[in-house]
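First the structure, in the form of structure tokens, and then the observations on it.
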């Protein structure tokens, strides 16, 4: 029996829920799922310029596990790019450092519901317009 998969730590969720090729309607595209931990691995190594060892430590996993997640993410992104697939970012065994919500009007990320009566981005009321991420 294999060991249970540990949750990977994600500091911030992505600003968007996915990408699609330019000039093609989403309804005509196949969608490829990129999990939150795969997104975080790309963010830490390619965007924040961290070494894999440091990125693995931030996510609370071993370096070999991080490398497998990172390589899987690169493969998915390359496939989507070459084959013209849409990418949807969701799911995976992750735990966010904070509770995150996204405004459904302006798509602004908000950390925690307790201090946000109105969305700062568009002044909509939080109880009607915010959706919890993960």
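The values are calculated or read from the model by the stated rules, or taken from the named source; none is laboratory data. Everything numeric here is computed off the predicted structure, so don't read it as measured data. Glycine also receives a Cβ, built like all others from the backbone with ideal geometry; neighbour counts cover every protein chain displayed.
For (1) closer than 17 Å to residue 7 by Cα; (2) modelled with pLDDT under 70, each residue gets a yes or a no:
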{"residue": "59", "(1), (2)": "yes, no"}
{"residue": "62", "(1), (2)": "yes, no"}
{"residue": "87", "(1), (2)": "no, no"}
{"residue": "90", "(1), (2)": "yes, no"}
{"residue": "94", "(1), (2)": "yes, no"}
{"residue": "103", "(1), (2)": "no, no"}
{"residue": "119", "(1), (2)": "no, yes"}
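Within the stretch 11-32, if we keep just the residues that are surrounded by 14 or more Cβ atoms within 10 Å (Cβ to Cβ) and part of a strand (DSSP E or B), the residue that is modelled with the highest pLDDT turns out to be 32.
Return the total of residues in the stretch 40-60 being touching a strand residue (DSSP E or B) at 6+ places or on another chain (Cβ under 6 Å) and surrounded by fewer than 21 Cβ atoms within 10 Å (Cβ to Cβ). First the steps, then the outcome.
Taking the stretch 40-60 first, the residues touching a strand residue (DSSP E or B) at 6+ places or on another chain (Cβ under 6 Å) are 40, 59-60.
Cutting the leftovers down to surrounded by fewer than 21 Cβ atoms within 10 Å (Cβ to Cβ) gives us 60.
Residues meeting the conditions: 1.
Residue-level check: of (1) surrounded by fewer than 16 Cβ atoms within 10 Å (Cβ to Cβ); (2) farther than 22 Å from residue 102 by Cα, residue 76 misses just (1).
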